[in-house]
Structure formats: structure tokens, C-alpha cells
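Working notes, beginning with the structure itself.
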């Protein structure tokens with residue numbers, strides 16, 4: 001299939017409209033002293049929006065993103081956007097890296113050069129990868145699905161086509177977190193002949209078999225289940241609405257950049273290892289580049305639809321069933337769900353398990369060096 005070079009060029013009229021909307025925001029009230037307890041904090045959001053309207057330079061971010069080799073290519077009728085950086089080393093290993101929500105391909109921009117050109121960053125050129133970093137369907141610059149059914153299992157088949165038919169790789173590695181971990185796990189399940197090994201930072205899909213004849217839950221596993229139930233009660237409201245009525249949500253988020261920013265930035269604060277100060281881990285420019293990609297592409301609605309598609313097609317393993325592809329798992333302490341190894345081993349053939357001392361859900365953006373070191377170490381034995 002044809003690879004069409006792609007350059008990000010957002011019309012000035014879109015940026016002008018954005019600034020006008022930011023300047024005309026109608027702010028809600030906020031109860032005194034609640035900080036972030038009720039959701040995105042009003043004072044913080046006012047400052048972020050002020051910066052977005054008066055100091056944030058999208059064109060500068062656009063230029064940075066356009067230093068990467070970007071393409072679009074047809075996959076099952078959809079025009080899929082991806083970064084494709086060839087490795088600089090004696091025998092680069094191809095790797096597909098998939099983002100999640102509320103990220104975009106932008107989350108991967110720090111790890112791409114570290115993976116593709118390790119020698120330029122003090123590493124060994126023999127660790128080089130050919131890096132493919134696509135935008136999920138309905139995210140950023142990729143086309144949206146024209147009909148229901150675009151869940152992580154469907155995406156995994158598209159990604160295997162992208163890697164094998166469009167790019168010509170017979171075998172490759174894959175990495176992902178959040179939704180990207182679901183896609184990567186399905187790759188390991190359904191396309192193990194093409195997958196050398198997979199690397200994950202999230203262990204939420206599939207749900208392992210826990211029925212008759214399964215090993216009794218350990219104390220750590222029961223604690224994980226209890227913590228997940230507590231988290232769903234206290235933090236899972238976003239997932240419930242995205243998984244049930246995403247269209248209703250999309251009207252507000254697609255029309256109001258301030259509403260969009262509030263919906264996304266609260267997750268970057270809650271799911272990262274920032275100690276309550278989101279800018280301890282992410283700059284305003286990083287937060288706003290990701291948010292602006294959603295805004296200028298009008299893909300927040302199509303992105304949240306994937307939650308409904310995944311809930312309509314849950315993945316539960318049967319007895320004696322596992323993902324057959326070898327897996328390496330990097331566990332970051334501030335991740336939404338931090339599983340014990342024995343839980344992961346119910347679903348996966350775990351060949352590497354690394355417990356990090358810092359970092360959270362957005363590992364590629366938050367702790368790129370730690371993540372890349374683990375990916376390099378894991379794949380050395382598969383080269």
C-alpha cells in the first residue's frame with residue numbers, strides 16, 4: 001500500500017476561532033476550598049486558558065512535530081496517520097508503539113528518537129528500532145470509523161496490516177499503554193506469528209479466567225480487585241459516560257475548548273506521579289499541544305466512542321487461555337491500576353517484570369528515559 005508523506009498544517013482560521021472561543025469563555029462558579037476534589041480546579045484552569053490564549057505557540061509545536069517523518073496510508077478503508085522513523089544502527093528492530101486516551105500520538109514524541117537513534121543520546125546503536133507510532137482511528141489525524149465496532153481488537157488487526165502489508169515487516173515488536181496496551185495485547189493474542197514480543201505499561205485487558213479450577217486469588221490480587229472497585233466508584237465517572245453516552249458528551253467537548261481542556265487536564269493530574277501539581281510532570285506547552293491536537297482535528301467525540309465499543313466487546317479469557325506472545329511489563333507506581341505479577345501471569349507469558357520507582361499512566365511523556373531503558377533491555381534477547 002502507498003505511504004503518503006504528511007505534514008501538519010492547521011489553517012489559521014481554525015487557530016483564530018480557537019482564540020476567540022478562549023477569550024469568550026463563560027466561567028462556572030466553584031465551591032470555596034474544594035481544590036480539585038470536585039474536578040478541574042477553577043483557578044488552575046483560568047491560568048491554563050490564559051496561557052493558551054495569549055502565550056501558547058501552536059506553530060512552534062507544529063514545527064517540532066513536523067521534524068518527524070509522518071505518513072498516511074490506507075488500512076481497511078481508513079486513512080491512518082503515523083510517524084515512521086527508521087532506526088540508526090546495524091540491525092534495527094521494527095516496533096509499533098500505540099498511545100491511549102486522553103493521549104494522542106504526541107505522547108510518544110519523546111521516546112521516538114531515543115528508540116530510533118540511541119547513539120545520539122548516549123546509547124548503543126545496536127539497540128536501534130524502526131519506530132512506527134500511529135494515531136488510533138478517530139484520534140488526531142487518523143480517519144474515524146464510519147460505523148460502530150472500532151474497538152481495540154479491531155484496531156489490532158488494522159495495525160498488523162499496517163506493519164505487514166503496508167510497511168512490509170514479517171515480524172515486529174509492539175508497545176502500548178492504556179488503550180494502546182489493549183491493542184498490543186490483542187496483537188499478541190491474534191497475530192503471534194508476526195509478533196516477536198510485546199511490551200506493556202497497563203494490565204487491564206484481558207480479564208483472566210477466575211472460574212472453577214483457577215488458582216485461588218492471592219492477597220495481593222484480591223487487594224487489586226478491591227482497589228479497582230474503589231477507583232471505579234471514586235474516579236470512574238468519565239469512563240461510564242464515555243462507555244454509555246459518548247455522543248452526548250461530545251457536543252460540549254467539541255464546541256468548548258475550555259470544556260475540552262478541563263476534561264483532559266484533570267486526568268493528567270490524577271493519573272500521573274505529580275503529587276497534585278500537574279506541572280511538576282508536564283509543562284503547559286505539553287498539556288496544551290495534546291489538547292490542541294484534539295481541538296483542531298475535532299476528534300474528541302470519535303476518541304471517546306472507543307470506550308463504548310470496548311465495553312460492548314469485553315475480553316474475558318477462557319480456562320487455560322493466555323496471550324501466547326512473550327510479554328515484558330513495566331509497572332509504574334502512580335498508574336491507575338498497579339497489579340501484582342501473579343495477576344498478570346494469569347493472562348500473559350511474562351518474561352520480564354520491572355517495578356519502577358516513579359512515574360504514572362503517561363509513562364512515555366512522563367518518564368521517557370525509564371520507559372525506553374526497559375524497552376531496550378527487554379527486546380535485546382529477541383534480536
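All of the numbers you see were taken from the coordinates with simple rules; none came from a lab. Remember, it's a predicted structure, so these values are computed and weren't measured experimentally. Cβ: placed from backbone, ideal geometry, glycine included. Neighbour counts: every protein chain shown.
For the stretch 161-271, what class follows from the C-alpha gyration tensor (a ≥ b ≥ c being the square roots of its eigenvalues): rounded when a/c is under 1.5, otherwise prolate if a/b is larger than b/c, else oblate? Write out the running numbers ahead of the final one.
Working: a/c = 2.42, a/b = 1.16, b/c = 2.09.
Oblate, because a/c is 1.5 or more while a/b does not exceed b/c.
Quick one: order 120, 144 by neighbouring beta-carbon count within 10 Å, fewest to most.
Details: 120 11, 144 17.
Fewest-to-most ranking of 120, 144: 120, 144.
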Spatial separation of Cα centroids for the stretch 142-192 and the stretch 23-40, in angstrom: 39 Å
Estimated 222 nm signal from helices in the chain, with DSSP H stretches of n ≥ 4 weighted -39500 (n - 2.57), rounded to 500: -12500 deg cm²/dmol
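Please arrange 285, 312, 29 by how many other C-beta atoms lie within 10 Å of their C-beta, fewest to most.
Details: 285 18, 312 11, 29 6.
Going from sparsest to densest Cβ surroundings: 29, 312, 285.
For the stretch 262-344, what does the alpha-carbon gyration tensor say about shape, rounded, prolate or oblate, given a ≥ b ≥ c as the root eigenvalues, a/c under 1.5 as rounded, and a/b over b/c as prolate? Show your work: numbers first, answer last.
On the way: a/c = 2.75, a/b = 1.44, b/c = 1.91.
The shape class here is oblate.
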Between the stretch 63-86 and the stretch 324-379, the Cα center-to-center distance that results, in Å: 26 Å
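How much length, in nm to one decimal, is gained on full extension between residue 126 and residue 164, taken as 0.36 nm per residue of separation minus their Cα-Cα distance?
11.4 nm
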Least to most buried among 289, 299 (fewest other Cβ within 10 Å first): 289, 299
Contact order normalised by residue count of the chain, Cα under 8 Å, 6+ apart, percent: 19 percent
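The chain: percent of C-alpha pairs farther apart than 28 Å? Write out the running numbers ahead of the final one.
Working: 32280 of 73153 pairs.
Tail fraction, whole percent: 44.
Taking 37 °C and 0.692 mPa s as the conditions, I'd like the Stokes-Einstein D for the stretch 121-210 in µm²/s, using the Kirkwood hydrodynamic radius from alpha carbon pairs.
231 µm²/s
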Inter-part distance where the stretch 257-313 and the stretch 102-138 are each reduced to a Cα centre, Å: 21 Å
Beta bridges by DSSP in the chain, antiparallel share as percent, to the nearest 5: 35 percent
